[in-house]
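*Asks:* Shown below is the structure under consideration.
The values are calculated or read from the model by the stated rules, or taken from the named source; none is laboratory data. Predicted, not measured: the structure shown is a model, and the values here were computed from it. Here the Cβ is made from the backbone with ideal geometry for all residues, glycine too, and neighbour counts use every protein chain on show. Accessible surface areas use protein heavy atoms only, side chains included; no ligands, DNA or RNA. Shrake-Rupley method; radii C 1.70, N 1.55, O 1.52, S 1.80 Å.
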Amino acid sequence: MQTFYSWSPPRTTKDSSPHIYEEGSPPTDYEDSDDSSSCFSEDDSSLPQEDPMVMEIGAHTWQFPNDLFTQMVSHKVRKSPAEILLQGFADYAKVDRLVYYTSDTVQPWFQDAFECGITHLEVEYNALPPGMHEPTEENSHDFLRRFLKLCLLATGGLYTLDERPCLTFHYGDGINDTEPLKPNLTDFRLYWKAPLDDVVVPIPIVVESNWAVLLQQATQDARSLFAASPLRRFALVFAWNHHCRQFRFLLYHRGGISASYPFDPRTTFGRRDIFQVILALRTCRNWEDLGFPAWHKEQRFRLPVDEHAESFVSASSDDLIHADGRLRGRATHVYRLSYSPAQPLPSPSQIPTFESNTRRQNGRERGDIKFGPIIAFSRPLGPVPGQGTSNERVQAILKASWVQHSAEGLEMEVLAKCAGFFGCQRLHYSFLPITNWLTPATNHLFLPVPEEAADGDRLATFHWNDWTPEPLSPPAPQLSSLFVHITSPVGSSFTLSPTPRVLMMAIVHAMLGWLSIFQAGFLHRDISIGNLLLLLPSFMMEEPFSVDYTLLGNQHATVERQAVRLKDLLAQLGVDLKKADAFVIDTDMAVRWPDLVDVWTQSPPVGTVEFMSPAAIISLERNTPHLRSPTDDLYSFFYLAQWAAVFHPSADHLPFVKGLRDDISGPGRSDGTNEIKQLTYLNPDLRYGLFLNFLGPVFKDWLNELDTLAVNFDVTTRGESDVKKLRAAFFASAYQGVADLIEVICKHEDSLASYRPMESSGDTCK
């Protein structure tokens, strides 16, 4: 029985998950072709240009001639370092290029197979029944099905010239598939399948009458493929525009779409080009050629213990903590892992420091798996204090994120500098994956290279901008790399807080973690429900929290006053500054703030929109610059706490809460917030559940404090150009915002303590 990678039907409703914001000329005609009709059908007035998935890709649609596209999708081997240096590119260590590889498509045996196959294809094509050579709207599906089958059959000559293992295509005949891949091609489905392997990877085939609608469907299909395997480098979709008889190969990656030129299969040149790409795909020999990582498959991960990558642990994924479902962008995924330690931890004196670690240019190999350079190392995998002994399974967090070329390294700097701080992650190591063929996990090979991007006219030749009636201008190509970070400890979602007081104390502890990062010189900028984790029980940190504003460089009365106030309130609330109840993760959108250059946001602001401050949302809507300050992150803590309370499981059975959840996760957030502010535990509205009623007064007072803080900060910094004064305003607002919340909690301490968890059918109150 065949095993299929999970592939869900295309989504037809708007994604309800939080929305994150970040920061060669094609041929015009073919031999024998007399079709001059437009590629836009009569109903193009209703093109889905506002579809969220199409907007997600935006203008990041590229196209390449066949000599480049076939190299992208074929098997290739990286050249030696000496050969790469001879290419003469100064950025060879940062930017990957196709010229650094030898592709199977340039080998003599491939050229022989191509000539043999195209001869066979032409004979079989000319033998098609009358009427099949000029597909109409009625028979276009049948034409495509017949033509692609002929192409697949014609690739058989590849085996006679190259007997090494390679992947093969399968179509619907003989494959036991219970879920049709595409309704209008239910009897013809393409798959990649390795010899002697039961796992098959589907290739969607999309047929539509115009490119905008076609891209909408193809993007949905590609998104489903990435959802099944989030760490893959690319996904392939076949696209047939039957209105203008154009066929394209669409290669989706984290920087958008890289497509082949449009091919007309009715022409000799069009058939040759399509067959050349399919033959190139036949050279793929293993899952890495298809973009899948060798060190990760389904729920299993094979990870090195330390920076030497000489011993390994086999880890399993217990939970997907966070999944960014976007196609283009960071596509961050956070996994909770568990593993049996391969060896006991060495003594602290034997653990290399981050500063003493050197960059490794080549991956270490164990068996048939290579790993990329361990580019930041802090501590090996193994048992850690508070997480059991070496005989027990140990938990860790794996975070994988596609980071743009311009932002590489900052998150690793934050992790390394803040590892062990109160409320912060403890870094084990970070690495950039590579394949067994020494290909780094990037999308660089699928995009114009930097010198092409720097030349506007040259860049335009690679831009596919005619799929919409209004041509789009070429954007800067988003070169990105997959970075993997292994950290600990492991927590759970804030929505699982057992009581309102536990939730609010966890918010305080997470704020102290955020403040630790801030005091080290970084502003997080993406405080959201996926980026804070609850620790139950509390976790002993390596360093206790301490107020430290030495980064300010000079004494300042307002900062000192707020710092003393914060210390006093922490003592009054009885906060344990050695054991953390929560911690902050995911600093990939952090910036260095002390020089104040990186905090001036050119719209749209980065972050998760459901948790953005009101000022950041206004900047997003009006496309205006915004000074990203600590007050923005402090507002995000408020909206995160509100989210955790509204989505608390105790209210899952309450129909009235469903509408409230819709409000706070969409445009109605302010209405939902005002609704919650009216709740009180003294006269609870049971339609909302007691958990939320107990927090209504807390949220009301907290938001009032935040609004006052934001107004005062704006007054203090408006028109101010003195960097020292602005730094002092940043520190003062950060300390005051945390202190204000603690003061609110102290005010409501008795009421929060009176809450009792749910009993059988609902909540009860003492």
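*Asks:* Restricting to DSSP loop positions (anything but H, G, I, E, B) with no more than 15 other Cβ atoms inside 10 Å of their own Cβ, which chymotrypsin sites (Phe, Trp or Tyr not before Pro) remain in the stretch 55-110?
*Replies:* Here the chymotrypsin sites (Phe, Trp or Tyr not before Pro) that fit, given the DSSP loop and packing criteria, are TYR92.
*Asks:* For the stretch 92-156, which whole percent of the accessible surface, found with a 1.4 angstrom probe, sits on carbon and sulfur atoms?
*Replies:* The computed percentage sits at 57.
*Asks:* OK, next. Beyond a 26 Å Cα-Cα separation, which of these cross-linked pairs lie in this structure: LYS567/LYS725; LYS399/LYS700; LYS579/LYS700; LYS94/LYS725; LYS578/LYS747; LYS76/LYS297?
*Replies:* Checking Cα-Cα distances, LYS399/LYS700; LYS579/LYS700; LYS94/LYS725 exceed 26 Å.
*Asks:* When only DSSP loop residues count, what trypsin sites (Lys or Arg not before Pro) in the stretch 550-587 have their Cβ near at most 15 other Cβ atoms within 10 Å?
*Replies:* Here the sparse-neighbourhood loop sites are LYS578.
*Asks:* Can you give me the % of accessible surface on the stretch 660-705 that is carbon or sulfur? Probe 1.4 Å, all protein chains present, nothing else counted. Spell out each step's value before the answer.
*Replies:* Values: 880 of 1970 Å².
Answer for the stretch 660-705 is 45 percent, counting heavy atoms of protein chains only.
*Asks:* How many angstrom lie between the Cα centre of the stretch 397-463 and the Cα centre of the stretch 89-162?
*Replies:* Answer, in whole Å: 33.
*Asks:* Which order do the peptides 125-134, 619-628 take when ranked by the mean count of other beta-carbon atoms within 10 Å per residue, highest first?
*Replies:* 619-628, 125-134
*Asks:* Run the numbers for GLU452 and LYS747: contour at 0.36 nm per residue of separation, minus the present Cα-Cα distance, in nm. Write down the numbers at each step before the final one.
*Replies:* On the way: separation 295, 0.36 × 295 = 106.20 nm, distance 6.09 nm.
Length gained between GLU452 and LYS747: 100.1 nm.
*Asks:* Can I ask one more? What order, most packed first, do the peptides 285-296, 655-666, 636-647, 715-726 have when packing is the mean number of other Cβ atoms within 10 Å of each residue? List each step's numbers first, then the result.
*Replies:* Numbers: 285-296: 20.9, 655-666: 15.7, 636-647: 23.4, 715-726: 11.6.
Put in order of decreasing packing, that is 636-647, 285-296, 655-666, 715-726.
*Asks:* Order the peptides 304-315, 495-506, 271-282 from the highest to the lowest mean number of other Cβ atoms within 10 Å of their residues.
*Replies:* 271-282, 495-506, 304-315
*Asks:* Per residue, what accessible area does the stretch 190-263 have, given a 1.4 Å probe and all protein chains present, in Å²?
*Replies:* Numbers: 1180 Å² over 74 residues.
With the other protein chains kept in place, the stretch 190-263 gives 16 Å² per residue.
*Asks:* R0 = 25 Å: FRET efficiency of LEU686 with ASP576, Cβ-based, nearest 0.05?
*Replies:* My answer for the efficiency is 0.15.
*Asks:* Can I ask one more? So what are the ³J(HN,Hα) numbers for the stretch 311-321, from phi and the Karplus equation (6.51, -1.76, 1.60; θ = phi - 60°), rounded to whole Hz, Gly and Pro as x?
*Replies:* 10, 9, 10, 9, 9, 10, 8, 7, 6, 9, 5
*Asks:* Give the accessible surface of the stretch 446-485 per residue, rounded to a whole number of Å², with probe radius 1.4 Å and ligands, DNA and RNA excluded.
*Replies:* 41
*Asks:* For the stretch 213-227, what does the Karplus curve 6.51 cos²θ - 1.76 cosθ + 1.60, with θ = phi - 60°, yield as ³J(HN,Hα) per residue in whole Hz, taken in order and with x for Gly and Pro?
*Replies:* Each residue of the stretch 213-227 in turn: 5, 4, 5, 4, 5, 4, 5, 4, 5, 5, 4, 5, 5, 5, 5 Hz.
*Asks:* Quick check: convex hull of the Cα atoms in the stretch 669-755, volume per residue, rounded to a whole Å³? Could you put the intermediate results ahead of the total?
*Replies:* On the way: hull volume 8.3 nm³, N = 87.
Looking at the stretch 669-755, the number lands at 96 Å³ per residue.
*Asks:* If the chain between ASP142 and ASP595 were fully stretched, how many nm would it gain, using 0.36 nm times the residue separation less the Cα-Cα distance? Mind dumping the intermediate values first?
*Replies:* Values: separation 453, 0.36 × 453 = 163.08 nm, distance 6.29 nm.
Using 0.36 nm per residue and subtracting the Cα-Cα distance, I get 156.8 nm.
*Asks:* Mind giving me the FRET efficiency for VAL723 and GLU122? R0 is 60 Å, r the Cβ-Cβ distance, nearest 0.05 is fine.
*Replies:* In this case the efficiency is close to 0.25.
*Asks:* Give me the number: length gained by fully extending SER473 to SER538, i.e. 0.36 nm times residue separation minus the C-alpha to C-alpha distance, one decimal in nm.
*Replies:* 18.2 nm
*Asks:* Stokes-Einstein at 4 °C, 1.567 mPa s, Kirkwood radius from Cα pairs: D for the stretch 209-330 in µm² s⁻¹?
*Replies:* Answer from the Stokes-Einstein relation: 77 µm²/s.
*Asks:* In Å², and per residue, what accessible area does the stretch 608-766 have when probed at 1.4 Å with the other protein chains present?
*Replies:* Ligands and nucleic acids excluded, the figure is 43 Å² per residue.
*Asks:* Also: For VAL206, what residues show an amide H to amide H distance below 5 Å, using hydrogens built from the backbone and excluding near sequence neighbours?
*Replies:* Close amide H contacts, sequence-distant or interchain: PHE238, ALA239, TRP240.
*Asks:* Separate question: Which whole-Hz couplings ³J(HN,Hα) result when phi for each residue of the stretch 134-146 is put into the Karplus expression 6.51 cos²θ - 1.76 cosθ + 1.60, θ = phi - 60°, listed in order with x for Gly and Pro?
*Replies:* Karplus-based 3J(HN,Hα) across the stretch 134-146 equals 10, x, 9, 4, 6, 10, 5, 5, 5, 4, 5, 4, 5 Hz.
*Asks:* Modelling each spin label as a point 7 Å along the Cα-to-Cβ direction, I'd like the PHE89/GLU560 distance in nm, to one decimal.
*Replies:* 5.6
*Asks:* Can you pull the percent of the stretch 401-511's accessible area that's carbon plus sulfur, 1.4 Å probe, other chains left in place?
*Replies:* It is 57 percent, rounded to a whole number.
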